[in-house]
1. Could we say that residue 429 is closer than 28 Å to residue 286 by Cβ, polar (S, T, N, Q) and in contact (Cβ under 8 Å) with a residue 12 or more places away in the chain here?
2. Go through (1) exposed (fewer than 15 other Cβ atoms within 10 Å of the Cβ); (2) in a helix (DSSP H, G or I) one by one and return the number of the condition residue 155 breaks.
3. Find the residue count for the range 442-479, including only residues that are assigned to a helix (DSSP H, G or I), closer than 23 Å to residue 266 by Cα and not hydrophobic (A, V, I, L, M, F, W, C).
4. Which ones in the range 267-278 are out of contact with any Phe, Trp or Tyr (no Cβ under 9 Å at 6 or more places or on another chain) and farther than 13 Å from residue 251 by Cα?
5. For the range 111-170, name all the residues that are basic (Lys, Arg) and at positive phi.
6. Of the residues that make up the range 66-83, is at least one touching a His at 6+ places or on another chain (Cβ under 7 Å) and either open to solvent by less than 20 Å² (accessible area, probe 1.4 Å) or at pLDDT below 90 (or both)?
7. Restricting to the range 461-496, give me the number of residues that are open to solvent by 70 Å² or more (accessible area, probe 1.4 Å) and either aromatic (Phe, Trp, Tyr) or within 20 Å of residue 429 (Cβ to Cβ) (or both).
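The values are calculated or read from the model by the stated rules, or taken from the named source; none is laboratory data. Predicted model, so just to flag it, every value in this text is computed and none were measured. Here the Cβ is made from the backbone with ideal geometry for all residues, glycine too, and neighbour counts use every protein chain on show. Accessible surface is based on the protein model in full, side chains and every heavy atom, while ligands, DNA and RNA are left aside. Shrake-Rupley method; radii C 1.70, N 1.55, O 1.52, S 1.80 Å.
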Amino acid sequence: MDVPKEQITALLDNALFNSAQLLGSFLVSSSTVNAETSPHLKAENLVLLGDALFREREYRRAIHTYKQALQYYKIIPKQNSTSSRSALSASNRSSSPNSFNICAINENEVKFKIASCHFALSENKVALVEMEGIPSKARNLQMSLLMAKLYRNTKHTRGAVTCYRECLRQCPYVIEAIIALAELGASAKDIISLFPQTPNRGGRAQLDHGDSSRWLQRYVEAQCCIASNDYKGGLELLAELLQRFPNNTHILLEMAKVEAIIGKNDEAIMNFEKVRSVDPYVVTCMDEYAMLLKMKSDYSKLNKLVHDLLSIDPTRPEVFVALSVLWERKDERGALSYAEKSIKIDERHIPGYLMKGNLLLALKRPESAVMAFRGAQELRADLRSYQGLVHSYLAFSKVKEALYAAREAMKAMPQSAKALKLVGDVHASNSGGREKAKKFYESALRLEPGYLGAALALAELHVIEGRNGDAVSLLERYLKDWADDSLHVKLAQVFAATNMLQDSLSHYQSALRINPQNEAAKKGLERLEKQMKGVDPDAPEEEENEVDDADAEQEEAELL
């Protein structure tokens, strides 16, 4: 043979994929290999070239090459194919696309590689058809995991659960299968029962049920708590795991994500920053960190974060969500295009849907925002998607739908003060429901006394009903324990409404000392200064009117 197969195998083993691909082109075009008399050699050579293309991420070419290999495989005489298969089983090789030491091909292995290419191209349905052509008894761990992902992506929940369960039966340490099963509603007891209990001669990984593996059971319990919206229980279990595995970036990120969901923003920021100090090149979940920095108006850190992410890997969906967060202040439509790009890269990226929903809401497109928040909820319902749905429905007066979504949140999270506040928000949207709203806000504050969102909402309700004194006393009581800029802004607004302008000025200034980027405080202060000068803050500015008139005249002249 002109080109020894061992040479291309050596190149693949040494990760020299471009050279392997170039050499592979010589291998498959060699005139010494006759496709009619030696179809098995032709098939083997094509699989090697396909493997090189796969590793070069030339997935379309790899699919085409693998399919050619299968065509030659089908014309191999029966005795040859039987001996090829026995040779393969004797060599006991993995069927991963990363495994290239091939001397004879296996049809199931090649189908798996074709499916892996389609999966990399987000062609889930086509990939699933390929995988379903592999008999269930012939599937190994990698095949079962790919099947599970494909079933989940195509919304075949039952098939996904079956395949994820099979993964854990083969190996209890497939962490992504544990997370997926928890999200799909499996209990901790059910997941742990799948772990191999007795020594296995087949070489399967098994769980040592002593102290050394108790952490894995705790991890399962933590993920099941989070998936069932028991955020407090999940955080406690993750904190316990963190003591055993200090500076574990995965656990820190899981904690930060939960803290962000439940509004513990300072704690979440601290954990995200700890992750970046341990490993500055982590991209996972950094878009969630970007959202928190935006909420804190910390634009210098946000700018640096986005710059760092772009230099690490500009193709990840997290990077586009972070770009969307950064651009929101300058150009909401541009920010929306970044959020949509993140979803295009990964249709299962929840922060992309949340960001898209919030931007659509800001752009006064609440019907479209509902679709975005529903997209997030279908992937994994959490407090933020419920909040987005409620506010979107209220924005176009769908009170019945808003109330249904808020009650869904309350059922899913019965111990959540934020879910109670959501129901209160719906009732507060119409004058007939304000008494009910007050009860829900008060219940939320009894459940979580430090929940400023409920305190601010209750204060707003007092103001609407003319109880300005109650609003002031409530907010001042909270100011004793929480030096928060939003409390100062609300107090400033109440004092401005009651013509106590000097007190209002003092609180706007306090808010800006705490957070110089607080937009509500800036705008409020601007209005207040006009009021103090005796100017109507709502009157249109003369200069702007003159410019508008001039523009209009110019347009009329052009039309004439």
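1. On the way: closer than 28 Å to residue 286 by Cβ: no; polar (S, T, N, Q): yes; in contact (Cβ under 8 Å) with a residue 12 or more places away in the chain: yes.
It is false that residue 429 is closer than 28 Å to residue 286 by Cβ, polar (S, T, N, Q) and in contact (Cβ under 8 Å) with a residue 12 or more places away in the chain.
2. Residue 155 satisfies all of (1) exposed (fewer than 15 other Cβ atoms within 10 Å of the Cβ); (2) in a helix (DSSP H, G or I) except (2).
3. The number of residues fulfilling the criteria is 5.
4. Result: 267, 270, 277.
5. Within the range 111-170, just 155 meets the criteria.
6. yes
7. Selection size over the range 461-496: 4.
Residues are listed down the side, and each one gets a yes or a no for (1) in a helix (DSSP H, G or I); (2) at pLDDT 95 or above; (3) open to solvent by less than 60 Å² (accessible area, probe 1.4 Å):
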residue	(1), (2), (3)
98	no, no, no
104	no, no, yes
111	yes, yes, yes
114	yes, yes, yes
122	no, no, no
126	yes, yes, no
148	yes, yes, yes
151	yes, yes, yes
164	yes, yes, yes
